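Heads up, the thing below is written out as structure tokens.
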Amino acid sequence: MGPMNELTKLTARQVVDLLRKREVTPVELVDAAAKRIAEVEPAVNALPTLSIERAREHGQRLMDEGTPSDLPRGYLYGLPLAIKDLKDVAGVRSTKGSLIYANHIPERSDYLVENIEAKGGLVIAKSNTPEFGAGANTFNEVFGKTRNPWDTSKTCGGSSGGSAVALATGEVWLATGSDLGGSLRIPASFCSVVGMRPSPGRVPHGPKDLPFANLSVEGPMARTVGDLALFLDTQAGQWESDPISIAIPAKAFVDAVDSPIAPTRVAYTSDLGIAPVDPEVRSICEEAVTKFKDFGAAVDGATIDLHDAEEIFQTLRAAQYAAQFGKLLRTHHDLLKPDIAWNIEKGLGLSSEEVNRAELARGALYNRSVVFFQSYDLLISPAVLLPAYDINQPYVTEAGGVKFDNYVSWLIMSFALTLTACPSISVPCGFTASGLPVGLQITAPRSNEAALLSAAALFEQAIGLNSGIPIDPIVRHTEGS
């Protein structure tokens with residue numbers, strides 16, 4: 001693997017500044033990214049579908065048309081980026097990681113993609129994902145496994161695993177992701193990048209069969225908190241076709257990062273009161289959270305009462321899977337991953353009483369979170385209960401003496417907070433003795449992404465890990481991989 005191109009080492013904000021000043025062109029950036037992709041992909045398989053020529057043509061159009069006079073917030077000036085393969089990109093193979101859609105080439109892009117491209121983003125690739133984003137180990141029958149660049153014998157997490165790896169290795173400067181049970185936060189933690197689950201409605205997307213569903217959200221991934229804030233400015237907005245989308249706030253998210261305000265009182269929990277967290281992960285995060293004391297915050301041991309989070313989430317997730325994918329179970333059962341078929345069947349078997357009970361319990365959990373955030377500015381915890389594990393293991397089956405009988409249960413550190421509808425971010429906070437990244441999860445009150453980004457920026461500066469990527473993949477293999 002040759003020396004990394006200097007442009008690929010820069011942050012997204014640095015490159016956008018060069019584009020704005022016309023010191024580099026969009027086409028030059030496409031070429032730099034394409035070269036890096038060619039160098040890295042054999043080792044990691046993060047971006048299996050490329051749209052380099054499409055990106056080059058789009059970049060040339062931007063150069064010919066010039067900068068728009070009415071400059072939208074979050075304008076990217078021709079920055080190449082990756083779109084998670086759950087979202088359609090017009091004219092580009094969009095598979096959802098499923099054999100059912102293996103040859104699908106849509107005529108229209110998702111709203112999310114249209115918005116990004118209208119704001120000067122160039123889609124250079126689709127990033128790999130588990131089938132329909134189900135699971136936190138990125139592999140599928142269409143493209144195979146995506147590997148962790150810190151140790152290619154390990155999983156990169158999921159379901160936004162391809163995006164996280166592409167960022168960590170310098171293939172792109174920004175990438176999209178989505179998050180139902182932790183799919184933006186888990187791969188960010190495993191790959192030492194930044195991933196944020198915004199509040200439901202913050203990032204519009206669609207068209208959707210379930211436009212009012214709010215468990216799954218779209219969101220940004222980046223190498224730094226500042227880059228992520230820029231990309232959230234690009235993605236955020238209110239679209240009439242997305243009924244839960246919310247208006248852009250008066251203040252740009254990059255302003256919250258550039259002029260951060262320190263929290264005054266935060267709560268820290270090593271396990272949310274419900275998870276068997278690995279001792280080394282506990283130790284790393286407990287040390288990391290002391291940085292908040294350095295910029296004046298009181299740090300208390302406390303958490304939201306999440307005692308019934310798993311039952312609520314498993315029920316509501318299954319009900320959503322039944323509604324969203326029930327038809328595919330009938331028409332393409334033989335092509336579905338067994339875990340997805342199990343999740344759909346679980347949903348189809350639920351009674352109305354069980355779904356109603358889960359909805360009421362989620363309402364009570366949300367109300368408890370509102371009361372909690374009347375006392376605390378933030379809730380801080382590990383992002384994942386353990387570091388990256390063997391890529392050949394589909395999901396974690398045991399941790400700390402607790403056995404997990406399905407592919408969802410081990411994601412509890414992230415999916416429990418999904419139920420609060422609050423924004424959460426994973427920021428790199430350290431490494432295990434074997435060199436695997438660990439992420440700190442920070443959660444703020446609902447719709448307060450600005451406070452979350454502000455605190456994350458202060459922590460990132462204090463912990464000093466944001467200059468450690470991009471990296472060349474560390475190639476290791478285990479039997480069967």
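Rule-based calculations on the coordinates, nothing more; no lab input. Not measured: the values here are computed from a predicted model. Don't worry about glycine lacking a Cβ; one is built from the backbone with ideal geometry, like all the others, and counts go over all protein chains shown.
Can you give the Rg to Rh ratio of the range 214-267, both from alpha-carbon atoms, with Rh computed by the Kirkwood formula? Present the calculation step by step, with values, prior to reporting the outcome.
Details: Rg = 13.3 Å, Rh = 12.9 Å.
Value, to two decimals: 1.03.
Counting other beta carbons within 10 Å of each residue's own, what order do Thr315, Thr234 fall into, fewest first? Spell out each step's value before the answer.
Details: Thr315 21, Thr234 28.
Ascending number of Cβ neighbours within 10 Å: Thr315, Thr234.
Computed on alpha carbon atoms, what radius of gyration and Dmax characterise the chain, expressed in Å?
20.6, 62
Take peptides 377-383, 142-148 and line them up by average Cβ neighbours within 10 Å, highest first, as a rough protection proxy. Kindly include the intermediate steps, with their values, before the conclusion.
Numbers: 377-383: 26.4, 142-148: 23.1.
For the peptides 377-383, 142-148, the packing ranking is 377-383, 142-148.
Please list, short to long, the whole-number percent of alpha-carbon pairs of the range 55-208 in consecutive 10 angstrom bins beginning at zero.
The distribution over the range 55-208 is 12, 40, 36, 11, 1, given as percents.
Could you run the Karplus curve 6.51 cos²θ - 1.76 cosθ + 1.60 with θ = phi - 60° over the range 125-137 and give me ³J(HN,Hα) per residue in whole Hz, x for Gly and Pro?
Karplus-based 3J(HN,Hα) across the range 125-137 equals 6, 9, 8, 5, 8, x, 3, 6, x, 8, x, 10, 9 Hz.
Across the range 386-395, in residue order, what do the Karplus-derived ³J(HN,Hα) couplings come to in whole Hz, using 6.51 cos²θ - 1.76 cosθ + 1.60 with θ = phi - 60° and x for Gly and Pro?
Once rounded to whole Hz, the list reads 8, x, 4, 10, 3, 4, 7, 8, x, 7.
Tell me which lysines have Cα within less than 20 Å of Lys154's Cα, excluding those fewer than 8 residues away on the same chain?
Lys145
When ranked by the protection proxy of mean other Cβ atoms within 10 Å per residue, highest first, what sequence do the peptides 291-302, 413-424, 82-93 form?
My ranking of the peptides, most packed first, is 413-424, 82-93, 291-302.
With both partners inside the chain, how many of the DSSP beta bridges are antiparallel, as a percent to the nearest 5?
On the way: 31 of 45 bridges.
Given both bridge residues lie in the chain, the antiparallel proportion sits at roughly 70 percent.
Beyond 16 Å, what share of the Cα-Cα pairs of the range 1-96 remains, rounded to the nearest whole percent?
On the way: 2736 of 4560 pairs.
Summing the P(r) tail past 16 Å for the range 1-96 gives 60 percent.
Roughly speaking, what is the stretch gain from Phe212 to Asp294, that is 0.36 nm per residue apart minus the C-alpha to C-alpha distance, in nm to one decimal?
Numbers: separation 82, 0.36 × 82 = 29.52 nm, distance 4.17 nm.
Roughly 25.4 nm would be gained on extension.
Search the structure for amide H atoms under 5 Å from the amide H of Ser98, placed 1.01 Å from N in the peptide plane, and list their residues when 5 or more places away or on another chain.
So Ser98 has HN proximity to Phe132.
I need the phi-derived Karplus couplings for the range 463-474: 6.51 cos²θ - 1.76 cosθ + 1.60, θ = phi - 60°, integer Hz, Gly and Pro marked x.
7, x, 9, 6, 9, x, 10, x, 10, 7, x, 8
Check cross-link reach from Lys251 to the aspartates and glutamates: straight Cα distance under 16 Å, and skip same-chain residues fewer than eight apart.
Asp233, Glu449
Among the listed pairs Lys119/Lys293; Lys327/Lys403; Lys119/Lys208; Lys9/Lys87; Lys96/Lys346, which are separated by more than 30 Å between their Cα atoms?
Going by Cα-Cα distance, Lys119/Lys293; Lys327/Lys403 fall outside the 30 Å limit.
Charges only on Cβ, +1 for Lys and Arg, -1 for Asp and Glu: so what's the dipole of the chain about the Cα centre, in debye to the nearest 20?
Result for the chain is approximately 280 debye, rounded to the nearest 20.
Return P(r) of the range 68-137 (all Cα-Cα pairs; 10 Å bins starting at 0; whole %; ordered from short to long distances).
Spelled out bin by bin, the range 68-137 gives 21, 46, 25, 7, 1 percent.
Rank-order 396-405, 9-18, 442-451 by packing density, defined as the average count of other C-beta atoms within 10 Å over each peptide's residues, highest first.
Values: 396-405: 12.9, 9-18: 19.3, 442-451: 21.9.
Highest mean packing first, the order is 442-451, 9-18, 396-405.
Report, by chain and number, residues whose modeled amide H sits under 5 Å from the one on Leu76, excluding near sequence neighbours (fewer than 5 apart, same chain).
Gly120, Gly121
With only Lys, Arg, Asp and Glu charged, each at its Cβ (+1 for the first two, -1 for the last two), find how big the charge dipole of the range 72-173 is about the Cα centre; round to the nearest 20 debye.
On the way: 11 positive and 10 negative charges, 32 e Å.
Result for the range 72-173 is approximately 160 debye, rounded to the nearest 20.
Put +1 on the Cβ of every Lys and Arg and -1 on every Asp and Glu Cβ in the chain; which of Thr8, Pro445, Pro423 then has its Cα farthest towards the positive end of the dipole?
Of the candidates, Thr8 comes out farthest on the positive side.
Which of the listed residues, Leu458, His58, Leu328, is farthest toward the dipole's positive end in the chain, when Lys, Arg count +1 and Asp, Glu count -1 at the beta-carbon?
The Cα lying farthest towards the positive end belongs to His58.
Once amide H atoms are built 1.01 Å from N in the peptide plane, which residues 5 or more positions from Ser51, or in another chain, come under 5 Å H to H?
Amide H to amide H, under 5 Å and 5 or more residues apart or across chains, Ser51 pairs with Ala125, Lys126.
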